[in-house]
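Q: This structure is in structure tokens; I'll ask about it shortly.
The values are calculated or read from the model by the stated rules, or taken from the named source; none is laboratory data. Small disclaimer: the values here were computed from a predicted structure and weren't measured. Every residue, glycine among them, receives a Cβ derived from its backbone with ideal geometry; neighbour counts consider all protein chains shown. Note: accessible area is taken over every heavy atom of the protein model, side chains too, but ligands, DNA and RNA are not part of it. Shrake-Rupley method; radii C 1.70, N 1.55, O 1.52, S 1.80 Å.
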Amino acid sequence: MEQIFNLSFIPKIPWGAWGKIFFSFFTSNFDWFFRGIAKAMGYVLDNLVVLLLSAPPLLIIIALAAIAYLAKRSWKLALGVFLGFAFMLNQGEWKETMQTLVLVSFSTAAAVAIGVPLGIYAAHRPKVWQYLSPLLDLMQTMPTYVYLIPALILFGLGAPSGLLVTVIFAAPAAIRMTHLGITSVPKSMLEAGEAFGASRSQLLWKVEFPAALPTVMAGVTECIMLSLSMVVIAGLIGANGLGSQVVRGLNQFNVSLGVEAGTCIVLLALMLHRATHVEHGVGH
């Protein structure tokens with residue numbers, strides 16, 4: 001009777017063994033492909049970090065403050081960005097900050113490049129969204145550590161694996177927000193565009209996308225925040241930056257290092273959020 005209730009009479013499904021066979025197939029036959037992608041991504045990321053570090057830190061700080069001012073026309077934001085990055089420089093975390101900034105920028109750009117077109121396509125294809133939505137639910141509810149296993153197996157330790165994991169984690173936000181923005185465009189606006197003889201592409205770029213832009217930008221902001229939330233996780237698989245400093249602080253029980261790196265991550269998140277935040281409500 002006990003065997004019936006705990007189902008011990010049913011043989012264990014060799015799910016883990018099947019997974020091992022699956023990844024072994026890829027590593028045996030396509031290792032050259034994945035390692036090539038990892039080397040290419042690592043080359044780009046490393047050289048961009050070297051380029052940023054080759055310039056005087058004060059010059060980079062002024063340039064970032066100027067970009068923030070041009071983005072929002074706010075001297076308060078520009079001053080906040082200047083003081084925030086100056087604090088990171090003062091704490092000796094400049095190199096790690098640049099590494100994190102490059103990783104977050106690339107992962108956000110990749111997530112947006114994937115998410116926005118896919119969100120637009122799904123908004124115009126209800127059946128596609130019907131199948132895509134459960135997949136996005138799975139991607140967003142799956143524990144982030146689960147992503148580390150295939151990333152490590154296929155791409156190895158380092159920034160490329162961290163980039164891949166971050167993109168997978170952040171892309172669903174861009175897809176969902178873009179889909180929401182496009183589907184929330186009032187039908188009266190679409191009908192007016194059609195009445196003026198606009199083609200489907202003209203409706204998209206001159207009516208739908210401008211109306212959905214605040215929502216899309218909210219998705220971009222969310223991608224940035226999700227990318228930053230993955231910084232520490234990426235640090236566990238060898239991605240350099242502030243996340244690796246937090247991990248090092250945890251491993252060495254170095255409270256000072258953990259507080260310094262954690263504070264820098266928070267400041268970076270605040271600055272990037274304020275620089276990309278759209279004041280308009282969703283769908284307006």
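Q: Test of understanding: express the Cα radius of gyration of the chain as a ratio to 2.2 N^0.38 Å, with N the residue count.
A: Compactness ratio reported: 1.19.
Q: Return the calculated 222 nm mean residue ellipticity for the chain, to the nearest 500 deg cm²/dmol, obtained by summing -39500 (n - 2.57) across DSSP H runs with n ≥ 4 and dividing by the residue count.
A: -27000 deg cm²/dmol
Q: Moving on. Residue separation times 0.36 nm, minus the C-alpha to C-alpha distance between SER229 and LEU83: what's the value?
A: Here the segment from SER229 to LEU83 would lengthen by 50.3 nm.
Q: Highest first, please rank the peptides 236-243, 83-90, 198-205 by the mean number of other Cβ atoms sitting within 10 Å of their residues.
A: Result, highest mean Cβ count within 10 Å first: 236-243, 83-90, 198-205.
Q: Give me Rg/Rg_expected for the stretch 137-260, where Rg uses Cα atoms only and Rg_expected = 2.2 N^0.38 Å with N residues.
A: 1.47
Q: Would you compute the Debye intensity of the stretch 1-154 from its alpha-carbon atoms alone, equal scatterers and no solvent, and pass along log10 I(q)/I(0) at q = 0.15, 0.16, 0.17, 0.21 Å⁻¹ to two decimals?
A: Calculated log10 I(q)/I(0) at the listed q: -1.10, -1.15, -1.19, -1.29.
Q: With every protein chain kept in the model, how would you rank LEU250, LEU103 by accessible area, 1.4 Å probe, largest at the top?
A: LEU250, LEU103
Q: Given a 10 angstrom Cα cut-off, can you work out which residue in MET230, MET142, MET177 is the most mobile in a GNM of the chain?
A: Maximum among the listed residues: MET142.
Q: Could you state the per residue volume, in Å³, of the convex hull enclosing the Cα atoms of the stretch 49-104?
A: Residue-normalised Cα hull volume stands at 73 Å³.
Q: Please build a GNM for the chain, connecting alpha carbons under 10 Å apart, and tell me which residue among ILE120, ILE21, ILE265 fluctuates the most.
A: Largest GNM mean-square fluctuation: ILE21.
Q: Keeping all protein chains in the complex and leaving out DNA, RNA and ligands, what accessible area do you get for ILE13 with a 1.4 Å probe, in Å² to the nearest 10?
A: Accessible area, nearest 10 Å²: 110 Å².
Q: Quote the FRET efficiency, to the nearest 0.05, computed for LEU250 versus TYR131 with a Förster distance R0 of 45 Å and r equal to the Cβ-Cβ distance.
A: E between LEU250 and TYR131, to the nearest 0.05, is 0.65.
Q: With labels modelled as points extended 7 Å from the Cα through the Cβ direction, what inter-label distance (nm, one decimal) is found for VAL44 paired with TRP205?
A: 2.4 nm
Q: Write out the trypsin sites (Lys or Arg not before Pro) in the stretch 31-86 meeting two conditions: DSSP loop, and at most 13 other Cβ atoms within 10 Å of their Cβ.
A: Hits after loop and neighbour filter: ARG73.
Q: Which residue, PHE26, PHE209, PHE169, has the most motion in a Gaussian network model of the chain that connects Cα atoms within less than 10 Å?
A: PHE26
Q: Another question, then. Take the Cα coordinates of the stretch 79-220, assign each an equal point scatterer, and use the Debye formula without solvent to give log10 I(q)/I(0) at q = 0.19, 0.22 Å⁻¹.
A: Those come out to -1.09, -1.25, one per q.
Q: Relative contact order, percent, of the chain when contacts are C-alpha pairs under 8 Å separated by at least 6 residues?
A: After rounding, I find 22 percent.
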